[in-house]
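Working notes, structure below.
The values are calculated or read from the model by the stated rules, or taken from the named source; none is laboratory data. Not measured: the values here are computed from a predicted model. As a convention, Cβ positions derive from the backbone with ideal geometry for all residues, glycine included, and neighbour counts pool all protein chains shown. Side chains included, ligands, DNA and RNA excluded: accessible areas come from the protein's heavy atoms. Shrake-Rupley method; radii C 1.70, N 1.55, O 1.52, S 1.80 Å.
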Amino acid sequence: MSKAMYIKAASCISPQHSYGEGPMLEPLMSSDTGMLHVVEQDYRKYISPVAIRRMSRLLKMSITAGMQCLADAGVQPDAIITGTGRGSVSDMEHFLSDMITLKEEALNPTYFIQSTYNSVNGWLALQTKCTKYNETFVHRGLSFELALLDAQLTLNEANDTQNILAGGFDEMTDYYHVVKGKIGYWKKEQIDSLELLQHGNTDGTIGGEGASFFVLSNDKGNARAAIAALKVLHKPGVAEMQNAINEMLEQNGLVANDIDVVLSGMNGDAKQKKLFEAGTGMFGDGATVCAYKHLCGDFDTASGFGLWLANKIVSEQNIPTVTIQSGVRSDAIDKLLMVNHTITGDASLILLNSCK
Amino acid sequence: MEDFKVTLKQQIIDSLNLQGMKPADIDDNAPLFGEGLGLDSIDSLELMVLLERNYGIKIEDAREGRKVLTSVQSMADYIEQHRKI
Amino acid sequence: MAEKIVVSSVGLVTALGLGIEANMQAMRQLRSGLRHPVHLQTIHAGEFVMGEVEYSNRQMAELLQLPADHNYSRTALLALVAMQEIINSFDIELLRKEPLALINAGTVGGMCTVEDLYPDFIAPGTGDYIRYIDSLDCAESTEDIAAYYKLKPLMATISTACSSSANALMLGARMIKQGLVKRAICGGCDALSRFTLNGFNSLKNVAKEPCKPFDRDRVGLNLGEGAAYLLLETEASAKERGARILAELSGYCNSNDAYHPTAPSPYGEGAYNTMQQAMKMAGLQPGDIGYINAHGTATINNDIAEGTAISRLFDGKIPYFSSTKPFTGHTLAAAGAIEAIFSIAAMREGIVLPNMNFDTPMEELPLAPNTQLVEHVDIQHVLSNSFGFGGNNVSLAFSAL
């Protein structure tokens, strides 16, 4: 059985106010364009003027979220492990479009270099002078979870204190929105993003983006939450997913009643409603059911925003009202279970404990 | 030539996204790399793209490239002699 | 003492051919796979030689008995074809029944297909191209492998540029050691694409002629394509099913240069550290290494950095080393797995693979790779190096059992 991964710090740049000094999730941000973009930050704080001038949005937000997370934890990383569904897709689109238009002549190297999926990792290593383990997962909607899984392997191997910088990041572009719209990713009707979950009877969801980073450690430090268990599931049906939830509870000595909060990745897509409800339905009225994709949109590493929110709920023992879908609000939040399904049908379970 | 160098400097600023810089901030003879503007090897590749797209100049030999990209002056001189556009 | 992780089956396809035998035979005969591409449609086809796999997409579809309306990109086809050798060598029910991981790697996924269809993708409307719309994701070929061979593994896809599949092997070994799975199929696949060719060409490091690793007059790399997979399991698991053990994966290390987005540190600090750590994990001294399959891309930067690291680490007693990229081209995400297989085969057959096209040592470094096919060599341990963009370095150590 794996050891707990203590969350020493979390940093998230998202379509909501989730980064920096001000109040979190206030004021609420929304959009009716079918996609949400991040609240842009001052990226010069951690990136030099020479480096920043060539960087795409994804690089800037990811590096900034990663560096801020390390600063908050006050540690140097012992490993940098990330997941991204599409990497710097705007750089890829730029290089590809130029290549087609200019007929393979006189192309800018910068777009090509940055379109490489591990370019954020390279920069984070460079910025932190971290010469140790460095890994990038690109497995669609499970990319972030696989990064967490690798972090877990790394901590299990350690004999000494290890602080791992783990993260997930993706950006939304107009072209990407058009392309995936052709295979039914997005809602056809125009809706207010904050009301996404009230439109659960029609197909599709809304697009989003963001960069979320965590310092995960085998050392408790000042952590107030820990990842106790983690599971990825490839295209599970209802039974397989419910079995996985039961197995995870059992392995951690828990019953459904012990779960105080279920944080669901429900995304308002009628096609996926049954799967999500099968998960949340296992917990009866005892647990508060919360959701987050009406705040950040759906994207390959949206569960990174989910984990940022889960950590906040457990650490602060407070559930933001805007996330609550059903159930009573518990007084003490000790166990939180994240249940996510990706647009392509994969799923993940993440169990958080509070650290007293 | 003086006008052309101002144009070229603006192209360099745009191509390398040298935020906040104006043509007047770049000295004709200051080294572009190392101590001067502080550009790096990827910038030198970007400047080669600039030469190819705007002036039809293709530099194959890396050593020649380094010579041409010494300063704004050396770039301007080379463009004047070799431009195809 | 932890359980030994062993390699018990391999499969690959490169410009040299399909399967380990075809690949080794070509190298024994000093026959390079580099030529001007015929399948890749690019204005640069006549300009650059590349390591293009001989099969057309149609031929691979026939080998795999696919229906005409399949939606596999060339990348996925290469992966499926490479996997055949492993599947045929194995009781597939065992792979289906017992806990398995499939760790795949890619740098641009099905870009080879997407770059042809992209204008349609982003224009309004729909069409037959829709079936390829997800093929850009590197995970597509991972899922294709599982679906085609009816496996239900724990899947992961890695992308760390040119070290991707070496990282896949390392992750698979770690998962087995921690009991997450019993076996892991690890490797990578990349097909030639205009995107990659023009990308590397924009960095001005692609050679027109066959590349010259470690040579003073090297001008850059040749791109290649291919796919390769290795089956990892514990020694006990291999013995239990009476399998032939090809080698032990005795050591591995992933470290980062933390020096520059694309260039290695000139003194090869990263390469040095990663080789040293992999050897340390395997409990090996420099004198134990019989052969190094170098990353050896023949770019100006890589070869001086890697060469310097080898010189420093093996101080005066440099083992046989060579780059096999003049045979296959640089196959990017597949390179780590392809060269791991070459390293293991060299060890098993007691031969040292030649570094073709080497004439003159670098001015900065009096270092010469092995240029001939050397036979009847007793090799007990080998190193295989893979270094990528983002400073991502991996060294794998394999040992005879």
If we keep only residues of the stretch A:128-147 that are among the basic types (Lys, Arg) and more than 17 Å from C:Tyr252 (Cβ to Cβ), then the residue most open to solvent (accessible area, probe 1.4 Å) is A:Lys129
Regarding the stretch B:69-83, can at least one residue be identified that is open to solvent by 40 Å² or more (accessible area, probe 1.4 Å), of a type outside the set (Val, Ile, Thr) and in contact with a Gly (Cβ under 7 Å, 6 or more places away or on another chain)? yes
Among the residues of the stretch A:30-41, is any within 14 Å of another protein chain (Cβ to nearest Cβ), among the β-branched types (Val, Ile, Thr) and touching a residue at least 24 places away in the same chain (Cβ under 8 Å)? no
Among the residues of the stretch B:1-55, which ones are in a helix (DSSP H, G or I), among the small types (Gly, Ala, Ser) and either touching a Gly at 6+ places or on another chain (Cβ under 9 Å) or at pLDDT 90 or above (or both)? B:Ser15, B:Ala24, B:Ser44
Looking only at the stretch A:227-241, filter to residues that are of a type outside the set (A, V, I, L, M, F, W, C) and in contact (Cβ under 8 Å) with a residue 60 or more places away in the chain; which one of those is nearest to C:Pro153 (Cα to Cα)? A:His234
Those residues that are outside any helix (DSSP H, G or I) and buried (at least 24 other Cβ atoms within 10 Å of the Cβ), I need them from the stretch A:148-167; list them, please. A:Ile164, A:Leu165, A:Ala166, A:Gly167
Given the criterion at pLDDT 95 or above, touching a strand residue (DSSP E or B) at 6+ places or on another chain (Cβ under 9 Å) and in the same structural domain as C:Tyr129 (by TED's automatic domain parsing), identify the matching residue among C:Asn57, C:Asn23. C:Asn23
The one condition B:Val68 fails out of (1) closer than 16 Å to B:Asp28 by Cβ; (2) within 11 Å of another protein chain (Cβ to nearest Cβ) is (2)
Can you work out which of the residues in the stretch C:131-170 that are at pLDDT 95 or above and among the β-branched types (Val, Ile, Thr) is nearest to C:Val394 (Cα to Cα)? C:Thr160
Being among the hydroxyl-bearing types (Ser, Thr, Tyr) and within 12 Å of chain C (Cβ to nearest Cβ) is the filter here; which residues of the stretch A:136-178 pass it? A:Thr136, A:Ser143, A:Thr154, A:Thr173, A:Tyr175, A:Tyr176
Out of curiosity, is B:Ala30 farther than 18 Å from A:Ala106 by Cα and in contact with a Ser or Thr (Cβ under 8 Å, 6 or more places away or on another chain)? yes
Hits in the stretch C:213-235 (condition: assigned to a loop (DSSP other than H, G, I, E, B) and of a type outside the set (A, V, I, L, M)): C:Pro213, C:Phe214, C:Arg216, C:Asp217, C:Arg218, C:Gly220, C:Asn222, C:Glu225
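May I ask you to say which residue of A:Gly253, A:Gly281, A:Gly286 is assigned to a helix (DSSP H, G or I) and either assigned by TED's automatic domain parsing to the domain that holds A:Thr342 or modelled with pLDDT of 95 or more (or both)?
Sole residue among the options that is assigned to a helix (DSSP H, G or I) and either assigned by TED's automatic domain parsing to the domain that holds A:Thr342 or modelled with pLDDT of 95 or more (or both): A:Gly281.
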When the stretch C:264-277 is examined, which residues are found to be more than 9 Å from chain A (Cβ to nearest Cβ) and open to solvent by 20 Å² or more (accessible area, probe 1.4 Å)? C:Pro264, C:Pro266, C:Tyr267, C:Tyr272, C:Gln276, C:Gln277
Take the residues in the stretch C:152-177 that are more than 17 Å from the chain's Cα centre (by Cα) and farther than 14 Å from C:Ala105 by Cβ; name whichever of them is nearest to the other protein chains (Cβ to nearest Cβ). C:Arg174
Just to verify a result, which residue in the stretch A:71-90, among those that are over 17 Å from the mean Cα position of the chain (by Cα) and among the charged types (D, E, K, R), is least open to solvent (accessible area, probe 1.4 Å)? A:Asp78
Looking at the stretch C:115-151 only, could you name the residues that are closer than 30 Å to C:Gly251 by Cβ and either of a type in the set (A, V, I, L, M) or facing another protein chain (nearest Cβ under 10 Å) (or both)? C:Cys138, C:Ala139, C:Thr142, C:Ile145, C:Ala146, C:Leu151
What pairs come up if the first residue lies in the stretch C:266-292 and is closer than 16 Å to C:Ala400 by Cβ, the second is assigned to a loop (DSSP other than H, G, I, E, B) and open to solvent by 70 Å² or more (accessible area, probe 1.4 Å), and their beta carbons are under 8 Å apart, counting only those six or more places apart or on different chains? C:Met279/C:Gln285; C:Gly287/C:Lys317; C:Asp288/C:Gln380; C:Gly290/C:Asp378; C:Gly290/C:Gln380
